[in-house]
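Notes follow once the structure below has been shown.
The values are calculated or read from the model by the stated rules, or taken from the named source; none is laboratory data. Given the structure is predicted, the values throughout are model-derived calculations rather than measurements. With ideal geometry, Cβ positions are generated from the backbone for all residues, glycine too; neighbour counts draw on all protein chains shown. Heads up: the accessible areas ignore ligands, DNA and RNA and are worked out on the full protein's heavy atoms, side chains in. Shrake-Rupley method; radii C 1.70, N 1.55, O 1.52, S 1.80 Å.
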Amino acid sequence: MYTPDQTKKLQAESKEWLQVKDENKIAHDIEELRNVLRFHEHRYYVLNDPLISDFEYDSLYKLLEKYEEQHPGSVTQDSPTQRVGVGLIKDFPKVQHLVPMLSLENSYNADDLMDWDRKARELSGLAEIEYCVEPKFDGASISLLYEDDMFTRGATRGDGETGDDITPNIKLIRSVPLSAAFSRYGIRQIEIRGEVLMNKYNFKKYNDTLIEEGMPPLANPRNAAAGSLRIKDKSIVSKRNLEAFLYHVSYTVKSGSMEPVTHSGMLEMLWELGFRSPKNEMKVVTGINAVLDYVNDFESKRDDLPYEIDGMVIKVNDTRLQEKLGMTSHHPRWAIAFKFKARQATSKLVDVTYQVGRTGAVTPVAKIEPVQVGGVTVSSISIHNEDYIKEKDLKIGDTVLIERSGDVIPQIVKSLPELRTGDEKTIIYPKHCPVCGDKLFKSEDEAVWRCININCKAQVVERIIHFASKDAMDIRSFGEANVHKFFELGLLKDIPGIYRLDFDAIRQLEGFGEKSISNLKLAIEKSKEQPLHRLIYALGIRYVGETTAKTLAQSVTGITELSEYSLEQLQQLEDVGVKVAGSIHEFFRNKDNMHMLSELETLGLKLTQEKPLVVEGNLGGQTFLFTGTLNKLKRSEAEARVEQNGGKIVSGVSSKLNYLVVGEDAGSKLEKAKKIASIHIITEEEFLQMLPG
Ligand code: IVH
């Protein structure tokens with residue numbers, strides 16, 4: 001729709017408009033500003049590929065809105081302020097929302113919020129307003145329709161008026177009830193809005209499996225959730241463990257008059273009917289100062305939440321007052337979003353270097369001009385493999401968009417080819433190992449090029465570094481620099497060598513005082529006690545990430561038992577496919593590896609555990625099923641707790657079930673479970689004790 005020249009011109013104009021303070025410039029060039037906004041709407045809604053930040057878009061939009069407010073005569077019918085959204089990318093069947101899905105006005109600081117509160121007070125004539133404050137979930141928005149207590153339709157937001165009908169996929173989200181007794185509240189038909197998300201634990205797990213399979217990870221859980229909703233294969237969607245928070249009732253047809261009259265009441269109603277609404281996360285407060293306190297309070301907890309939020313939403317609590325305040329063409333006046341500090345930034349890709357990993361994989365690393373992303377300075381980012389570079393269309397000299405999402409390592413979201421000058425250079429992939437010089441190979445079913453010389457110095461060193469790293473054996477003070485140094489000096493040549501270090505020789509080295517030597521000794525000694533799953537992960541078996549390592553540790557009491565597992569037995573384990581099983585099998589059949597394990601045992605490492613592990617503080621991938629009536633928790637609440645803590649709900653009793661939680665009057669599931677020895681049958685009390693805190 002826009003040519004590259006137009007794109008460049010409009011992008012340059014955007015930057016000019018962002019500087020504009022003078023009203024006269026607006027009067028003269030008002031249509032130019034509208035064009036700039038239309039262009040960005042197209043980039044955002046149609047192409048899904050914005051060129052400016054939300055904040056910049058909002059500033060431009062507000063400028064136009066302000067001008068039009070002051071000069072109502074100048075408003076054209078097709079001004080960006082006069083509609084809800086634009087076109088769609090065709091794919092799923094389209095459905096019309098009963099009420100257009102408007103987006104919220106954004107605010108970024110206390111002043112913005114106080115302004116908004118002042119306007120609301122003026123319009124309502126009230127001295128203070130009661131607000132409901134709740135998290136702004138960072139996922140993909142959906143609308144759900146229930147008719148006569150049955151779930152009848154689920155849709156994506158789309159352009160706000162028309163979305164994609166994704167009913168089958170929504171049905172796979174377990175926190176969305178398939179029927180709900182709205183009739184108890186005098187409601188015959190209801191449209192509810194909410195957000196679909198992938199929690200941080202499942203996102204990490206999903207990314208781990210991508211990495212284990214040699215694929216690039218996703219930049220954030222939002223993309224993972226949005227992408228998953230549009231997959232047509234139900235079995236893949238259900239593996240993604242999506243969740244949904246429902247936070248707004250947009251439309252009801254009444255059959256009585258018992259409907260709540262406050263927003264918080266609506267959230268409570270949804271909760272009561274079995275939905276996951278932010279009932280426990282919301283707070284009802286009076287006056288804007290109390291709003292600010294809660295917003296700040298929540299921002300400090302942001303990183304500890306199991307899911308990503310990008311801000312808070314403040315809503316007028318009284319629904320009659322909401323109606324009175326009404327809406328502009330774009331946003332409701334009774335609600336506003338408060339956005340937390342952005343975790344995205346742009347920078348320049350200045351160079352690409354290549355690292356050889358412990359499995360010989362050669363990974364390109366983008367060197368970028370250092371930039372702050374969410375409080376951390378980023379200067380290099382893995383760009384995974386050759387296909388990834390092609391897919392993201394990366395060139396040296398490009399401006400790139402970077403995102404750091406929670407504790408996920410920073411990723412390049414995309415390049416901005418529109419901003420190229422013509423001096424950018426194509427990235428040329430090496431043909432030989434940058435460390436040992438051997439020729440690189442790539443197998444057909446893989447995306448990475450590998451150095452297959454197992455004695456390649458880089459690989460040996462990387463295996464040792466991985467073994468000692470934080471998530472593996474966690475040997476503090478034994479970081480990369482020391483491993484490189486000891487290796488170069490011949491003081492260390494393999495993993496068991498860590499436990500045979502010659503400290504007298506190290507004492508002679510520059511920078512090693514008694515204190516650092518004793519720290520190092522202590523850290524090495526402590527690592528001997530690490531749990532089995534860490535040791536399995538530390539071995540660096542191909543495709544075995546932390547999740548698979550935990551699965552393996554859960555099935556044995558000693559590591560050497562794994563050498564007795566057949567390929568078929570390995571494949572019975574949770575999430576272990578043919579490829580992963582093959583790699584584990586090969587590792588434990590290899591004499592050198594078994595010799596290394598027995599050396600480690602002789603050196604004092606623990607290769608056994610008393611009983612299969614339950615993962616640190618959470619339910620780490622364990623599967624649960626509830627049966628009978630629970631006393632303390634509602635079924636949906638209990639299921640949400642399992643998922644929040646990294647466990648999984650399964651639909652029936654089978655050997656894949658780890659825990660059956662039994663309430664009152666349990667029936668056939670309990671009988672069936674009793675016949676499968678591996679299932680732990682526990683009470684609700686025992687279940688509650690498994691949860692952290
Ligand atoms: S209320 C008419 N509440 O943020 C008001 N939105 O631009 C409907 N979002 O499109 C929205 N958490 O996708 C609301 N607690 C929350 C939310 C929330 C996330 C999303 C939603 C909306 C966007 C705001």
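Brief remarks on what is shown
- Long-range amide H partners of residue 368 with built H, under 5 Å: 350, 380, 381
- The magnitude of the dipole of segment 369-487, with charges of +1 and -1 set on the Cβ of Lys/Arg and Asp/Glu and taken from the Cα centre, is near 460 debye.
- Exceeding the 27 Å Cα-Cα cut-off - candidates 348/390; 171/669; 62/119; 526/579: 526/579
- Cross-link reach is defined here as a Cα-Cα straight distance under 17 Å, omitting same-chain residues fewer than 8 places apart; for residue 136 the lysines meeting it are 200, 279, 283, 301, 315, 339, 341.
- Cα-derived Rg to Rh of segment 187-290, Kirkwood definition: 1.10
- DSSP beta bridges in segment 573-693 [antiparallel fraction, %, rounded to 5]: 10 percent
- Relative contact order (%) - segment 394-452, alpha-carbon pairs under 8 angstrom, separation at least six: 27 percent
- Of interest is the spacing of the C-alpha centroids, which for segment 153-215 and segment 448-507 amounts to 46 Å.
- Percent RCO, i.e. relative contact order, over segment 403-546, from Cα pairs under 8 Å lying at least 6 residues apart: 18 percent
- Here residue 392 sits with roughly 50 square angstrom of accessible surface, probe radius 1.4 Å.
- With a cut-off of 11 Å on the backbone N, the residues of segment 425-453 near the modelled label site 7 Å out from residue 391 along Cα-Cβ are 447.
- Rounded to the nearest 5, the antiparallel percentage of DSSP beta bridges internal to the chain is 85%.
- Å² of accessible area per residue within the chain, as computed with a 1.4 Å probe and no ligands counted: 47 Å²
- The local environment of residue 234, defined by Cβ-Cβ distances under 15 Å, has a net charge of +4 under the rule Lys, Arg +1 and Asp, Glu -1.
- With every protein chain in place, segment 114-174: carbon and sulfur % of accessible area (1.4 Å): 46 percent
- Rounded to the nearest 20, the size of the Cβ-charge dipole of the chain about its Cα centre is 1220 debye, with Lys and Arg at +1 and Asp and Glu at -1.
- The simple spin-label model puts a point 7 Å past each Cα toward its Cβ; for residue 443 and residue 429 those points are separated by 1.6 nm.
- Within the accessible area of segment 649-693 (1.4 Å probe), percent carbon and sulfur: 50 percent
- Gain in span if fully extended, residue 258 to residue 328, counting 0.36 nm per residue against the direct Cα distance: 22.3 nm
- Heavy-atom accessible surface of segment 345-466: percent carbon and sulfur, 1.4 Å: 52 percent
- Across the chain: Cys residues that no other cysteine approaches within a C-beta distance under 4.7 Å: 132
- Within straight-line cross-link reach of residue 674, lysines at Cα separation under 25 Å, skipping those fewer than 8 residues along the same chain: 611, 632, 634, 648, 656
- Contact order normalised by residue count of segment 512-662, Cα under 8 Å, 6+ apart, percent: 22 percent
- Rg/Rh for segment 443-537 (Cα atoms only, Rh after Kirkwood) is 1.03.
- Ranked packing of 677-688, 203-214, 177-188, most packed first, by mean Cβ within 10 Å: 203-214, 177-188, 677-688
- Scalar couplings 3J(HN,Hα) for segment 353-361, obtained by applying the Karplus form with A = 6.51, B = -1.76, C = 1.60 to θ = phi - 60°, are 10, 10, 10, 9, x, 5, 9, x, 5 Hz; x denotes Gly and Pro.
- Along the axis of the charge dipole computed for segment 433-480 (Cβ charges of +1 for Lys and Arg, -1 for Asp and Glu, origin at the Cα centre), the listed residues 472, 449, 461 are led at the positive end by 461.
- Electrostatic dipole magnitude of segment 213-262 [Cβ: Lys, Arg +1; Asp, Glu -1; Cα centre; debye, to 20]: 140 debye
- Each of the peptides 621-633, 372-384, 164-176 was scored by the mean count of other Cβ atoms within 10 Å over its residues; in descending order, highest first, they stand as 164-176, 621-633, 372-384.
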